1. Calculate the all-directions average of the projected area of the chain's alpha-carbon convex hull, and give it in nm².
2. Counting Lys +1, Arg +1, Asp -1, Glu -1, what net charge surrounds Arg148 among other residues with beta carbon under 9 Å of its beta carbon?
3. Return the distance in nm (one decimal) between the two label points of a simple spin-label model at Leu81 and Asp189, each offset 7 Å from Cα along Cα→Cβ.
4. Hey, can you grab everything whose amide H is under 5 Å from the amide H of Lys9? Only 5+ residues off in sequence or another chain; H modelled, so Pro and N-termini drop out.
5. Choose one answer from Thr213, Thr156, Thr82: the residue with the largest mean-square fluctuation in a GNM of the chain with alpha-carbon springs under 10 Å.
6. Using the Cα centre of the chain as origin and beta-carbon charges of +1 (Lys, Arg) and -1 (Asp, Glu), tell me which of Ala87, Gly216, Ile74 is placed farthest towards the positive end of the dipole.
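What follows draws every value from the coordinates through simple rules; no lab data is involved. Computed from a predicted model, the values in this text were never measured in an experiment. Counting neighbours? That spans all protein chains shown, and the Cβs are built from the backbone with ideal geometry, glycine included.
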Amino acid sequence: MSNIKDVVKAAEGEIFDIELEENILRENQRLANENKRLLAKHGIVAIDVMGSIGAGKTSLIEKLVISLKDEHKIAVLKGDLTTTIDAEIIRRQGVEVVAINTGKECHLDANLVGKALQRLNLNDISLLFVENVGNLICPAEFPLGSQRRIVVISVTEGPYMVLKHPFIFMNADIAVINKMDLAQAMSIDANKLGADVRKINPKAKVAYTNCRTGEGIERVIEALDF
Ligand code: MG
Ligand code: ZN
């Protein structure tokens with residue numbers, strides 16, 4: 001059984017039923033701005049981590065936590081449909097983790113992130129990672145209030161992952177191209193994936209990693225630039 005007790009569970013239909021005025025996205029933006037103000041008030045840098053299921057979001061966060069936990073007080077919000085598997089993996093690194101279960105919804109929204117922030121002692125945190133539900137489509141439309149957005153893709157997802165998901169890369173600060181150890185076996189030109197990112201978003205920084213071993217993590221930290 002799970003030993004994560006702190007789980008924010010979305011009520012049936014909650015994500016689309018935020019007592020909205022006329023527009024779900026506008027309401028989400030308002031709540032994202034609130035989250036942003038709350039985080040800024042406590043001097044917390046919040047970083048979104050988005051990507052498909054299996055791209056390596058949790059492994060990336062785990063390696064970033066290992067590299068950064070001596071200098072920063074880290075907490076992690078972990079979105080998933082119903083499980084707390086990833087939350088447990090990250091909790092093993094000795095940092096505070098709040099799991100957010102969305103039920104059937106395939107993305108986090110600013111409302112659920114705001115609720116999860118209430119579970120943390122924000123005075124005790126300087127760095128917050130928010131792992132979104134595995135999905136490259138709707139998280140692009142739901143800002144959460146963070147200062148940086150990382151998108152992770154892996155070379156095993158094929159050569160067109162960037163081109164097929166322009167919106168999420170348009171708003172990303174950093175694209176992480178993961179599982180570089182498998183690029184040759186998959187006949188993938190990772191540099192082409194990086195070039196695709198820059199074509200969509202010339203300001204995005206690109207890092208090439210193997211999050212299983214930690215290779216390339218320093219480049220991600222450098223790109224985070226905090
Ligand atoms: Mg994960
Ligand atoms: Zn969704």
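1. Mean orientational projected area (the chain, Cα hull): 12.1 nm².
2. Net charge around Arg148: -2.
3. 3.6
4. Asn101
5. Greatest mean-square fluctuation among the candidates belongs to Thr213.
6. Gly216
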